[in-house]
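Here's the structure we're looking at; comments come further down.
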Amino acid sequence: MTALIVALINVIEPEKMTAYSVAAGATVAEHGGTFALRGKHIETLLGHDTSQAVAINQFPSVTAAQGWFNSEEYQALKGLRDDAAQMQFSLFEAV
C-alpha cells in the first residue's frame, strides 16, 4: 500500500534549507518516491501546531519509505537538515 512521510518544518537557515531540499529531492526519487505536496502553513484549525511549512512525500510502500529515510544517501544529509530547519517526520500508510 502507498505510504506517506509528512515533515513539519520550521526553517532556521533559508539558504541551507534550499540546499537541503535540492539534495533530499534526489534521494526521494531514488527510492520510488515523489513529492506529493510542499506548502506554507497558513492556520492551525484545531490543536497545537507551530510549523511554518509541510512537505509530504509519497512512496509505493512503507518499506520503500523506510528505505529512503534510513538510506545512507539521505542520512548523509542529516547535518545539513539539522542546520537548515527543525523538522518532525511521521510515516503513514494509506488504507
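Could you compute the net charge surrounding Tyr20? Neighbours are other residues with a C-beta less than 14 Å from the C-beta of Tyr20; K and R count +1, D and E count -1.
Net charge around Tyr20: -1.
Below 8 Å between Cα atoms, with a sequence gap of 6+, how large is the relative contact order for the chain in percent?
Details: 168 pairs, mean separation 50.5, N = 95.
The normalised contact order for the chain reaches 53 percent.
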Please work out the Kirkwood hydrodynamic radius for the chain, using every pair of different C-alpha atoms, and report it in angstroms with one decimal place.
-> 13.6 Å
Summing +1 for each Lys or Arg and -1 for each Asp or Glu, what net charge is found among the other residues whose Cβ lies under 14 Å from the Cβ of Tyr74?
-> -2
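Since every read-out is calculated from the coordinates, none of them should be taken as a lab result. Just so we're clear, the structure is a prediction, and the values are computed from it rather than from any experiment. Because the Cβ atoms are built from the backbone with ideal geometry, glycine has one as well, and the counts that use them run over all protein chains shown.
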